[in-house]
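Heads up: the structure comes next, in structure tokens.
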Amino acid sequence: MPAISEQIDLDDMLSSATQACSLLRVLANRDRLLLLCQLTQGEFCVSELETALGIEQPTLSQQLTVLRQEELVTTRREGKQIFYSIASAEATAVMQVLYEQFCRKPKGRKK
């Protein structure tokens, strides 16, 4: 890891650590991680998420509620359908890192 070029204020570091821990706590749940991973591909309604991920009600609703409360996703209503999309730039960035580390297949190697 490269050295940090500027000294970070302790209060700023503590605040940032608290925010990072909050995000990581949400991502530490497999179902929520799967939901965010799917949502990196675009906007989906609840039934599409259920079909794509195999997460059944009421678990799906519970986990989507957590993601909404943590302001990681936003919703849009169209008739009776509710569509979800990622609202957090930080969550998107972390999902990209997780994809690169755990999901991307190295060239020339089958996983």
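The values are calculated or read from the model by the stated rules, or taken from the named source; none is laboratory data. A quick note: this is a predicted structure, and the numbers were derived from the prediction, not measured. Here the Cβ is made from the backbone with ideal geometry for all residues, glycine too, and neighbour counts use every protein chain on show. The area values use the complete protein model at the heavy-atom level, side chains included, leaving out ligands, DNA and RNA. Shrake-Rupley method; radii C 1.70, N 1.55, O 1.52, S 1.80 Å.
Here the accessible area of segment 31-111 is 49 percent carbon and sulfur, with a 1.4 angstrom probe and all protein chains present. Over the residues of the chain, the helix contribution to mean residue ellipticity at 222 nm works out to -15500 deg cm²/dmol, using -39500 (n - 2.57) for each DSSP H run of at least 4. Compute the relative contact order of the chain as a whole-number percentage, counting only Cα pairs closer than 8 Å that sit 6 or more residues apart in sequence. Reported as a whole number, the value is 23 percent. For segment 27-111, the equivalent ellipsoid derived from the alpha-carbon gyration tensor has semi-axes of 24, 14, 12 Å in decreasing order.
Mean silhouette area of segment 1-68, derived from the convex hull of its C-alpha atoms and averaged over all directions, reads 6.4 nm². Each of Leu23, Leu10, Thr51 was placed along the dipole of segment 1-87 (beta-carbon charges, centred on the mean Cα), and the one lying farthest toward the positive end is Thr51.
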